[in-house]
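Report on one structure; see the data block that follows.
The values are calculated or read from the model by the stated rules, or taken from the named source; none is laboratory data. Small disclaimer: the values here were computed from a predicted structure and weren't measured. We place every Cβ from the backbone using ideal geometry, glycine too, and count neighbours over all the protein chains shown.
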């Protein structure tokens, strides 16, 4: 899994983008009964997303060509992600401005929430690539569920309320846990066939269990104990681990990889014989 170190800019970008998009979506679709929490969530989400965009720009060889990415709209999932990222930032700032002016109409809030949700979905779509066998299936939904879970935990924490059955965090965090568990189960079932040389099965299980515990279980327990700060720290660390693990388990199906897989199968067969 060491080759993921070269993907650290992408780990940081997607961590910040997923957290920011989730906070914006969660803040926007709430009715303005707790306006201070909404405004803080929108502000922090916008800052996180903008920081992620800056990180992604620093990863480019020629940043001046970044605007050309929008020319692929309609054909490229990456172009959709870029456009939706910018639209989410602009929409969140516009909604904050309407709050400042004392307007709390539902339609602008729903439009911002929808834009942020589409952005989170677009992140998963970018990595749905031909030949990348470990980035399909449930992995496509993970930025959406993880982002919304992150946003709900953050808002619940700054609202200083414990987990209740009517809280969205009570429902969204378990959904994220389910999506991640499906991905974990799929990887565990296919590890020997997909990645015979690079992935140690015990390490895969340990890291996946740590992600599930830190990101999904610990924050809910801490929130129920009215411990807000550590809950936010836990969900942030869990999200970073989630994104690192995602890139660490990249598996491009090339001719070389297929030859290695067949050779591993032959070697196992010879040992059994």
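Taking the criterion of being closer than 21 Å to residue 86 by Cβ and either assigned to a loop (DSSP other than H, G, I, E, B) or modelled with pLDDT of 85 or more (or both), the residues of segment 126-170 that qualify are 127, 143, 144, 147, 148, 150, 151. In summary, residue 120 fulfils each of the numbered conditions (1) crowded, with 19+ Cβ neighbours inside 10 Å; (2) out of contact with any helix residue (DSSP H, G or I) (no Cβ under 8 Å at 6 or more places or on another chain) with the single exception of condition (2). Being surrounded by fewer than 19 Cβ atoms within 10 Å (Cβ to Cβ), over 30 Å from residue 204 (Cα atoms), at pLDDT 85 or above and out of contact with any strand residue (DSSP E or B) (no Cβ under 7 Å at 6 or more places or on another chain) is true for just one of 38, 101. Which residue is that? Answer to the check: 101. When residue 180 is tested against the conditions (1) surrounded by fewer than 18 Cβ atoms within 10 Å (Cβ to Cβ); (2) closer than 22 Å to residue 13 by Cβ; (3) at pLDDT 75 or above, the lone failure is (1).
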